[in-house]
Structures are given as structure tokens and as C-alpha cells.
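First the structure, in the form of C-alpha cells, and then the observations on it.
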Amino acid sequence: MQKNKAVEMINISKSFGSIKANEDVNLTIYEGEVHALLGENGAGKSTLMNMLSGIYRPDSGSIFVYGEEKHFDSPSEPIELGIGMIHQHFKLIDVLTAKENIILGQKGSFFIKGKALTKEIRSISDKYRLDVDPGKKVYNMSVGEKQTLEIIKVLYRGAKILIMDEPTAVLTPQEIKRLFKIINNMKEQGCAIIIITHKMNEVMEISDRVTVLRKGKSIATLETAKTTSSELVEMMVGKAVDLSIEKPQTVKSEKPMLELDEVTVLDKEKRYALKDVTFSVHGGEILGVAGLAGSGQKELCETIAGLMKTNSGRIYFEGENIIDKSPREIINMGVRMGFIPEDRLGMGLVGSMDIVDNIILKDYQKQPGIFLNKKIMESKAHEIVEKLEISTPSIFHPVKKLSGGNIQKVLLGREIDANPKLLITAYPVRGLDIGASYKIYDLLNEQKKKGTAVLFIGEDLDVLLEICDRIAVVYEGRMTGIVDTASTTKEQVGVLMAGGTMEDVEKLALEQKKEVQ
């Protein structure tokens, strides 16, 4: 039976100045289907959906909703037609209850009686098999509950076409499974669901069809069951990409390169940013750090690098306590520590400076005499650009004018060039295209082979399990457990990410073993 078209976008184009965000894009979404919108960062996915949700107006092209052409002048018009967008960053007010957030901004919401509203919310929840307590405050909710609330918000407003922007970005594996059940329930009720994503495994699992965008253009629309991850990646990138990550077998150093012993850090509000964190990293291994956003990863990096003061505990580098020493004191002790922060242009590099000057920032104190030998730094910059395949007009090009991937390569290349014994990387591939990401993974593995200890803070569990030897999990500043990736599943890591214990992980492992048998 032929399904009805919920949305049809024909030859949509949108430019911002000289930049073409979308060019003659075509997209058709049917009722009762999950449609993935796939593409690298900057491919035009969000811009296209912002036009469907009334945030932008297309420069040219046509938008049809349930067969009628529409011209949106404001975001309220698509909402009235049943189009709802669920953003990656939740738009909820923490101190309000679920039902207060649901009716916020609704016409006449002040006059809706509490009992009637609760009944209506429960009716929507039952229809789509959602689970939310209308009276629960948002600050008491898990990340998964908050996302469910965002879904109920758009359904309450009558949405039958849902746009979900990177919906799994902040969820544990268990919450992702739950979300996929919700999506399938909505699909059964005739909803059209568009998922903006770059995660290939999730595209293959949840979508019925997939449209690939590349450099603002729609490349193809395919039935998910009739394609492969490799084919989709090739369409996204424009060339074949090997999606396997090497995990070289190396001999770990006998003694730890880095040890943290019950490290506790309080933030400015005197709350625990880190609490009694204990772990070690050996030379020749990659230790991953997993956790929901804001669980203490940033503070962990900055504390080790001497950028944050500890309140208690000890940090040993090659057996020597470096606690509460400044970054300069740590360097003067002979500690070689490469630190790649989460904020590349805020903490890592000076955007207005070129590649050469950014390398000088790291090395100027090592130069003999009072005058800098810039020729040495220029030679070093040429080596880094060539080795890491950095796309730049010249080594004197301002760093801020490079793409995100090339900025990251400059930073990583500079830190690796110092031959660190410990390399701390925080979200090293965030915002990078697939090709650049795999180049970074190769560079980290090269460091591992050299005997460097690598601390890899990441958000993609599939990547962490592939590249890391062990994974340490943080939850609300606490270390909930450390697992060996060779014998651990995503779901087991998810238990720790949600605040579970190693005992909980062992119970789940037994259940998973029984299921296999």
C-alpha cells in the first residue's frame, strides 16, 4: 500500500553570503516511516531542517506538507501544521515540573486545570507508550527522561512530523534502546520521523530510508535495508573510507606513567567536580574515559594538566607527586605531557596566529638565548603539515581560518611533536569529518606503539571500545568503574555511565551470557 507523503522538499537552496548551505536539495518523507538525514558536519542537514521548521526561509525551491505547498514566515506556522523539532540541547526549565514545561508558551495555558492536563499527558503517554511523571521536576530527571519529555512536548502540540537532531548524543546505550522503542511506537501511530545524525550504526538500526547530503547537495535516497554502511560513508565523503580502527598489541610499561589517588576537586560553587577519583595509565596503552556530558571529564583533564587545583588526593607522574603544581612547574620538573583540550581555539591554540606562531607558543622556552630561531619552527611547521596532511594555503595562514579538522590536526601535531610520555586528548574528533577522525585515531595508535600513555576522553562508545585497551567511567564526578574493552559490551559500560556499580555490570554480563546460550 502506497503511503502518503508527509513532507516533500523540492530543489531547496539556501545561502549565507557566499556560502551555499543547501543547493537544489530534494527530500521526501512518508507517514509511518523513520527517515535518516545523514551527512558530515557542514553538509547542510541542520539548515535544511531549520527551513522545514520555519527558522529559515529557503532562497528557492518548494516545501509541501501533506500535499499542500507552504511558505513559512515564523516557527509557529510549522507547529500549527504538526511539525515539531526536538533539539540536541534540551529546551527545558529545570525548576518546573514536566507538565509545566509541556504547557509553557501555549495559548491559554494559564487556564488549563492541573487534573485535566495530567489526564491529557497520560493519554498521550499511553498512546505512544511513553513513560513520564507529569508532576516530576526536571532537575530530578535522568537524561533519558528529559528527552522523553521533549518528545511529549511536541506531541502535546499536535505534532505528527517529528525532527530529531542528534537524538542519541547524550544518552547511555540503555537509553538509546528505549528511545528507539519510542520512535518505533510513534512510527506505528503514523508519525513521520526525521533523524539528523552522523552515527552509521544507528542509521542502519532505526531508519527505513536514508537521504545522504554532501556539501549542501542531496546525493541519494536509499532504502536502509538495501544499502551498507560502507556505501553510505562513500556517498557522504565522496570516496571509500576504511571504517576499521586498529588496536595494536603493545607491551605496557611495568609501572604506571600516571596515577591518580583519591583526587577530589570542588568547583566554584563548592560542589564536587571530582570525588575520590583513583586510576592509573601505563605507557603503551590507551585508557578511555566515558561518561555523560558534564560528568567531570573536563575537570579531570585540567586537574592532571595543572590547570585546576585539587582539594585532596595525589597525582603521580612516573612516581613523582605533581599535585597542585602549575603547568610551568610541571614542565620544569621534566614532565612531558601533551594536553589537547576540549576547547581547541579557546585553550589549545590562538586563532589569530598562524601555524608557526602556535608552535612557538609551546616551544619558545626551550630555545637557547634571548632571540627565537624562527627558521627551526618554520621547518617544524612544514613537517607537521606534511605528516598530518593539513590542508592550508601556507604555514603562515591564521589558524582560525582553517576547518575544524585541520585546526585539530595542528594542535595534535604540535603536542605529538614534543614526544610526550603522556598524551591527554579530550574529544579529539568532535566536529571532524570521517576521514580526519580516522587520521586522528591512527596518530593516537602511533603514540601508543611508541610507549606513550594516552588518556582518551570520548563520547562515542563504539570508538572507545575499538581503540582503547581499558575504559574508566565517570558519573557525577565519581569513578564508577574501569573495564577491559576486550571483554566488555556497550550495555555494560552504559550501566556505569548511569551511576551503576561493577556488581551491576557483573549481573548484566551474566544475563547477556544466558541470552546467548
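ASP242 fails exactly one of the following numbered conditions: (1) touching a strand residue (DSSP E or B) at 6+ places or on another chain (Cβ under 6 Å); (2) not assigned by TED's automatic domain parsing to the domain that holds LEU464. What is the number of that condition?
Of everything listed in (1) touching a strand residue (DSSP E or B) at 6+ places or on another chain (Cβ under 6 Å); (2) not assigned by TED's automatic domain parsing to the domain that holds LEU464, ASP242 misses just condition (1).
Going through LEU260, LEU222, LEU274 one at a time, which residue ends up being closer than 30 Å to ARG478 by Cα, among the hydrophobic types (A, V, I, L, M, F, W, C), out of contact with any helix residue (DSSP H, G or I) (no Cβ under 7 Å at 6 or more places or on another chain) and in a strand (DSSP E or B)?
Only one candidate qualifies: LEU260.
Need pairs with beta-carbon distance below 7 Å; first residue within 17 Å of ARG178 (Cα to Cα) and within segment 114-131, second in a helix (DSSP H, G or I) and small (Gly, Ala, Ser); sequence gap 6+ or separate chains.
ASP131/SER125
Which condition number does THR488 fail, the rest of (1) touching a helix residue (DSSP H, G or I) at 6+ places or on another chain (Cβ under 8 Å); (2) surrounded by fewer than 23 Cβ atoms within 10 Å (Cβ to Cβ); (3) in contact (Cβ under 8 Å) with a residue 24 or more places away in the chain; (4) assigned by TED's automatic domain parsing to the domain that holds THR278 being met?
Answer for THR488: the failing condition is (3).
For ASP24, work out the one condition from (1) in contact (Cβ under 8 Å) with a residue 12 or more places away in the chain; (2) surrounded by 18 or more Cβ atoms within 10 Å (Cβ to Cβ); (3) of a type outside the set (Lys, Arg) it doesn't fulfil.
Going through (1) in contact (Cβ under 8 Å) with a residue 12 or more places away in the chain; (2) surrounded by 18 or more Cβ atoms within 10 Å (Cβ to Cβ); (3) of a type outside the set (Lys, Arg) one by one, ASP24 breaks only (2).
Can you report the number of residues in segment 268-296 which are over 22 Å from ALA498 (Cα atoms) and modelled with pLDDT under 90?
3
Could you check, for segment 230-248, whether at least one of its residues is touching a helix residue (DSSP H, G or I) at 6+ places or on another chain (Cβ under 7 Å), modelled with pLDDT of 90 or more and surrounded by 15 or more Cβ atoms within 10 Å (Cβ to Cβ)?
Checked against the condition, which is being touching a helix residue (DSSP H, G or I) at 6+ places or on another chain (Cβ under 7 Å), modelled with pLDDT of 90 or more and surrounded by 15 or more Cβ atoms within 10 Å (Cβ to Cβ), segment 230-248 yields at least one hit.
Could you pull out the residue among ILE370, ILE340 that is modelled with pLDDT under 80 and outside the structural domain of LEU300 (by TED's automatic domain parsing)?
On the way: ILE340 fails: outside the structural domain of LEU300 (by TED's automatic domain parsing).
Sole residue among the options that is modelled with pLDDT under 80 and outside the structural domain of LEU300 (by TED's automatic domain parsing): ILE370.
Where in segment 408-517 are there helices (runs of 4 or more DSSP H), lying wholly inside it, with at least 2 residues that are of a type in the set (Lys, Arg)? Don't jump to the end; show me each part of the working.
Details: elements: 434-449, 461-467, 490-497, 502-516.
Result: 434-449, 502-516.
Let's see how each residue does on (1) hydroxyl-bearing (Ser, Thr, Tyr); (2) in contact with a Ser or Thr (Cβ under 9 Å, 6 or more places away or on another chain):
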{"residue": "ARG178", "(1), (2)": "no, yes"}
{"residue": "MET186", "(1), (2)": "no, no"}
{"residue": "THR197", "(1), (2)": "yes, yes"}
{"residue": "GLU202", "(1), (2)": "no, yes"}
{"residue": "ASP208", "(1), (2)": "no, yes"}
{"residue": "VAL212", "(1), (2)": "no, yes"}
{"residue": "GLY216", "(1), (2)": "no, yes"}
{"residue": "SER229", "(1), (2)": "yes, no"}
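Taking segment 440-469 on its own, how many of its residues are buried (at least 20 other Cβ atoms within 10 Å of the Cβ) and basic (Lys, Arg)?
Residues meeting the conditions: 1.
Quick check on my filter: what residues within segment 142-159 are surrounded by 20 or more Cβ atoms within 10 Å (Cβ to Cβ) and assigned to a loop (DSSP other than H, G, I, E, B)?
ALA159
Of everything in segment 67-79, what is surrounded by 13 or more Cβ atoms within 10 Å (Cβ to Cβ), charged (D, E, K, R) and not in a strand (DSSP E or B)? Give them in sequence order.
The answer is GLU77, and nothing else.
Might you check whether a residue that is over 24 Å from the mean Cα position of the chain (by Cα) and in a loop (DSSP other than H, G, I, E, B) occurs anywhere in segment 39-47?
Scanning segment 39-47, I find no residue that is over 24 Å from the mean Cα position of the chain (by Cα) and in a loop (DSSP other than H, G, I, E, B), so the answer is no.
Kindly indicate which of LYS252, LYS268 is assigned to a loop (DSSP other than H, G, I, E, B), out of contact with any helix residue (DSSP H, G or I) (no Cβ under 7 Å at 6 or more places or on another chain) and over 30 Å from GLU318 (Cβ atoms).
LYS268
The values are calculated or read from the model by the stated rules, or taken from the named source; none is laboratory data. This is a predicted model, so every value here is computed, not measured. All Cβ positions, glycine included, derive from the backbone under ideal geometry; neighbour counts span all protein chains shown.
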